[in-house]
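Derivation of every value follows stated rules applied to the coordinates shown; laboratory data play no part. Computed from a predicted model, the values in this text were never measured in an experiment. Cβ: placed from backbone, ideal geometry, glycine included. Neighbour counts: every protein chain shown.
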Amino acid sequence: ATTWTTEQTVDVNDIIRSGYRLFIKSHEWTFLKPPFDLILPDAVEDVDLPADFGFLVGPLHYTNESVARLLPLERKDVTVIRQMRQQGTITSGQPTLCAILAGRPGNLKGQRSQLLLWPTPNQEYTVIGRYSVLPQAIDISHPHPYGGAHHAETLIQACLAASEEFNDTPGSATQHFGQCLQDSIKYDRKVAAQSIDNRDTRHPNTRWGRGRYGYYPFPMD
């Protein structure tokens, strides 16, 4: 068996990461804007967001049956939330305002972001929404790339195209990657078009409408 040198191993890992970045940045992939449920625990005013959270895509809506008809959480700047908390006129209740606090390097939770709420929840609530994923680099700890089996060949060709670029020898892999990418984009657009059928049937008091980034629930009158 051939044994790679340390330098060769580093080069191969760099090529794989470069190919993955090429694939990820080639299109606004639907799988990188997944729906998610977020529990707002009772008496917790700062709630951890998913570890790969980038930014919210659209609003957050309540799923609790008792508040299904109410408007979504209103996004504000972090300073506004802190000012509301300091005023102290209302301390707890159903949160109506929220803000995103980006994770800070060096703390115990790394780069993990938080959802700041006002007022502090007076019971457990659940909200739904979508967020943009910050994909982690492929390594031993994170060996599985985003995209799944439908995009596997495109990802392979992206890595081979990155290898050609690394060696300054653009060729058939670069061309094949372009062809596979078009097929992947067509598939992804078909998935996005079908999102209208992916509705939350648990809450009959919710109707759906189309926004800039897809289909979202709106409260019934």
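See the values below:
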read-out	value
FRET efficiency, SER66 to LYS190 (Cβ-Cβ, R0 35 Å, nearest 0.05)	0.40
Overall Cα dimensions of the range 1-52 - principal axes, largest extent first, Å	58, 26, 18
Those residues of the range 42-80 whose amide nitrogen sits under 15 Å from the label point placed on THR126, 7 Å along Cα→Cβ	42, 61-68
Separation between Cα centres of the range 24-83 and the range 140-158, rounded to whole Å	27 Å
